[in-house]
Amino acid sequence: MSHIFRRTILPIAGLVAVATLAAGCAGSGGDAASDASPVPELSGPLIWADYGGPTNESRQIAYFDGFYDETGVEVTSVSLEDAVYYAMLEGDEGDYDVVQTSGADVLAYQDNLIEVPEDIQGDLLPEDIRPYIVGGFVFGIAQGWMTDTFPNGGPQDWADFFDTEKFPGKRAWPGAPGSFDASYEIALLADGVAEEDLYPLDIERAEAKLDTLRDDMVFYQSYPEVQQLLTSDSAAIAVTVTGQYNALKNAGEDVTVQWNQAFIVPSGFTVPASSANPDAAFALAAWMNEPEYQAVFTERTGYGPVNSEVFDLLSDDVVDGLVNSPEHEKAGIYWDTQWRADNLQTLLDSYTAWLAG
């Protein structure tokens, strides 16, 4: 057993042992040690639900393969389905042990989630969602373009993004109802609203601003489409998750990302209360919080770490591409997760209606 595995897994076993001992002490007064059940052996499979693609492949390499070698627990990745996902968040039974989630959903459904042991929580996660996130990472939502599109320098903020005279060309924009992302925040910033005055979001004002750019928008249905839109010159500028720009860079493309006013979005996975294998889920959570493994994932994806120790293991080039790097964090924006959680359905309904036009 490796030193890393001992350091991360044994505290979880200790928690189970303490809980078992406590149960024995609360019994009829017999010998606690003899009454206590042994610490359960980890077993699988562990059903992991996410959005697949290169990011899942990076998790397989950075985390899952090594975890299987050490524990024998096989992490089986499946494509996340909203119907199953939300049913489990509501407290129903379902097929998933670990599910990809948003901070807003964590806050909205935390009563039906299992808390993560404190010693394996990501210290860079916001305190309100930290107790429920496993496999955490930080992605950005930013504008980006092929560098040679604007050889004299591109947009400096979201107001520039909306200025098609100064920066001509189509804008790649999220066209799936559930992927409204930071659309309303972006529109309001472009319309002159100060960052500190964004919330509560003025949806009517934001949609009026979006209408001014609608004819210059190219709507994409999935994030990877952005890469094709930029490289084919079908769009001059895109707004998307920063991992797509990192994928282009990994493919040898020269891409510029505007970190000013980029949105910094802590994210990750959660363990529903109806998970069939929480012991293995939290053992994997401990494994994924290890700096050595998290650094591999960060280098491959360009998504920021949630363990601050990871930054000590990364090259300057890698850190420069992370939305939550110390430098980029100063220029970025964290959205109001609680407000978005409280108004999630309103945002979804409004954006769906706006797309329908």
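Points worth noting:
- In the range 112-134, of all residues being assigned to a helix (DSSP H, G or I) and without any contact (Cβ under 8 Å) to a residue 40 or more places away in the chain, the one that is nearest to the chain's Cα centre (by Cα) corresponds to ARG130.
- Among residues of the range 311-326, those that are charged (D, E, K, R) and either modelled with pLDDT of 95 or more or in contact with a Cys (Cβ under 6 Å, 6 or more places away or on another chain) (or both), counted: 2
- Screening ALA235 on (1) closer than 24 Å to ILE61 by Cα; (2) surrounded by 22 or more Cβ atoms within 10 Å (Cβ to Cβ) shows it passes everything except condition (1).
- SER308 being over 15 Å from the mean Cα position of the chain (by Cα), under 20 Å from ALA251 (Cα atoms), at pLDDT 95 or above and not aliphatic (A, V, I, L, M): no
- Residue in the range 140-183 that is farthest from PRO326 (Cα to Cα), counting only those that are crowded, with 16+ Cβ neighbours inside 10 Å, among the hydroxyl-bearing types (Ser, Thr, Tyr) and over 19 Å from the mean Cα position of the chain (by Cα): THR164
- Of the helices (runs of 4 or more DSSP H) lying entirely inside the range 138-236, not one carries at least 3 residues that are touching a residue at least 40 places away in the same chain (Cβ under 8 Å) and assigned by TED's automatic domain parsing to the domain that holds ALA104.
- Yes/no for GLN258 being among the polar types (S, T, N, Q), more than 27 Å from PHE67 (Cβ to Cβ), in contact with a strand residue (DSSP E or B) (Cβ under 6 Å, 6 or more places away or on another chain) and not assigned by TED's automatic domain parsing to the domain that holds ASN112: yes
- As a summary of the residue check, GLN244 satisfies the conditions (1) among the polar types (S, T, N, Q); (2) surrounded by fewer than 20 Cβ atoms within 10 Å (Cβ to Cβ); (3) not assigned by TED's automatic domain parsing to the domain that holds PRO45 except for the one numbered (2).
- First in the range 272-294 and in the same structural domain as TYR63 (by TED's automatic domain parsing) and modelled with pLDDT under 95, second anywhere and among the small types (Gly, Ala, Ser) and crowded, with 23+ Cβ neighbours inside 10 Å, Cβ under 9 Å, 6 or more apart: none
- Sole exception among (1) part of a strand (DSSP E or B); (2) at pLDDT below 95 for ALA33, by number: (1)
- Screening the range 317-346 for residues that are in contact with a Phe, Trp or Tyr (Cβ under 6 Å, 6 or more places away or on another chain) and assigned to a helix (DSSP H, G or I) and picking the one that is farthest from ILE120 (Cα to Cα) gives ALA331.
- Test: residue in the range 330-343 that is surrounded by fewer than 20 Cβ atoms within 10 Å (Cβ to Cβ), without any contact (Cβ under 8 Å) to a residue 24 or more places away in the chain and among the hydrophobic types (A, V, I, L, M, F, W, C): no
- Test: residue in the range 303-316 that is touching an Asp or Glu at 6+ places or on another chain (Cβ under 8 Å) and in a helix (DSSP H, G or I): yes
The values are calculated or read from the model by the stated rules, or taken from the named source; none is laboratory data. Everything numeric here is computed off the predicted structure, so don't read it as measured data. In this analysis, Cβ positions are derived from the backbone assuming ideal geometry, glycine residues included, and neighbour counts consider all displayed protein chains.
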